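Working notes, structure below.
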Amino acid sequence: MALQWLILTYVVAAEVVITLVLTLPYPMLLKKRVVQLVSLILQPAASIVAFAGFQLLDIYWKAEHRLSCSSEVCTATERDRYEKSIYKAQRNVVLCAAGILLYWCIYRICKYNKDLERLEATEKRYKEE
């Protein structure tokens, strides 16, 4: 079960690095190449949205069917285990949300740069006329 969260953690870390690379100021030619490269990666990477969404549904289902340990019958060990599972679930929700949000940010940054490039080409064409 921990492998899926490890994979999601690495994907989110990669998304953070890609977002940082896209937002750094580069010369125009290098920026254009970086955006083209990331745009090629973007479509296959869309599976992270479905994967994170599925994990969110799994967390929700487990939260709904988790045995609560709020009575006085629970031992200290059971209570600690219950609280630890709650903290893990909260951490995993943040991880899933970060994965989805960072993918959206990368998509919007690439779209913004492509639109900017297209507008610059249009402006150049009008100046030549």
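Take VAL34 and decide whether it is assigned to a helix (DSSP H, G or I) and at negative phi. Yes.
Within segment 92-126, the set of residues being without any contact (Cβ under 8 Å) to a residue 24 or more places away in the chain, among the aromatic types (Phe, Trp, Tyr) and surrounded by 10 or more Cβ atoms within 10 Å (Cβ to Cβ) comprises TRP104, TYR112.
To keep it simple, each residue is scored yes or no on (1) farther than 30 Å from ALA121 by Cα; (2) under 23 Å from the mean Cα position of the chain (by Cα); (3) hydrophobic (A, V, I, L, M, F, W, C).
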{"position": "MET28", "(1), (2), (3)": "no, no, yes"}
{"position": "VAL38", "(1), (2), (3)": "no, yes, yes"}
{"position": "ASP58", "(1), (2), (3)": "yes, yes, no"}
{"position": "GLU83", "(1), (2), (3)": "yes, no, no"}
{"position": "ALA89", "(1), (2), (3)": "yes, yes, yes"}
{"position": "VAL93", "(1), (2), (3)": "yes, yes, yes"}
{"position": "LEU102", "(1), (2), (3)": "no, yes, yes"}
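Of the residues in segment 37-55, at least one is farther than 30 Å from LYS114 by Cα and open to solvent by less than 60 Å² (accessible area, probe 1.4 Å).
Looking only at segment 67-91, how many residues end up being open to solvent by 70 Å² or more (accessible area, probe 1.4 Å) and either charged (D, E, K, R) or under 21 Å from ALA13 (Cβ atoms) (or both)? Matching residues across segment 67-91 total 11. Restricting segment 1-26 to residues that are farther than 19 Å from GLU120 by Cβ and not in a helix (DSSP H, G or I), which is modelled with the highest pLDDT? Applying the filter and picking the extreme gives LEU24. Looking across segment 62-75, the residues that are modelled with pLDDT under 80 and either within 19 Å of GLN90 (Cα to Cα) or not in a loop (DSSP other than H, G, I, E, B) (or both) come down to ARG66, LEU67, SER68, CYS69, SER70. Could you tell me whether CYS110 is over 24 Å from VAL12 (Cα atoms) and either among the hydrophobic types (A, V, I, L, M, F, W, C) or outside any loop (DSSP other than H, G, I, E, B) (or both)? Judged against the criteria, CYS110 is not a match.
The values are calculated or read from the model by the stated rules, or taken from the named source; none is laboratory data. Nothing here was measured: the structure is a model prediction, and the numbers come from that model. All Cβ positions, even for glycine, are placed from backbone atoms using ideal geometry, and neighbour counts span all protein chains on display. Protein only, heavy atoms only, side chains kept; ligands, DNA and RNA dropped before computing areas. Shrake-Rupley method; radii C 1.70, N 1.55, O 1.52, S 1.80 Å.
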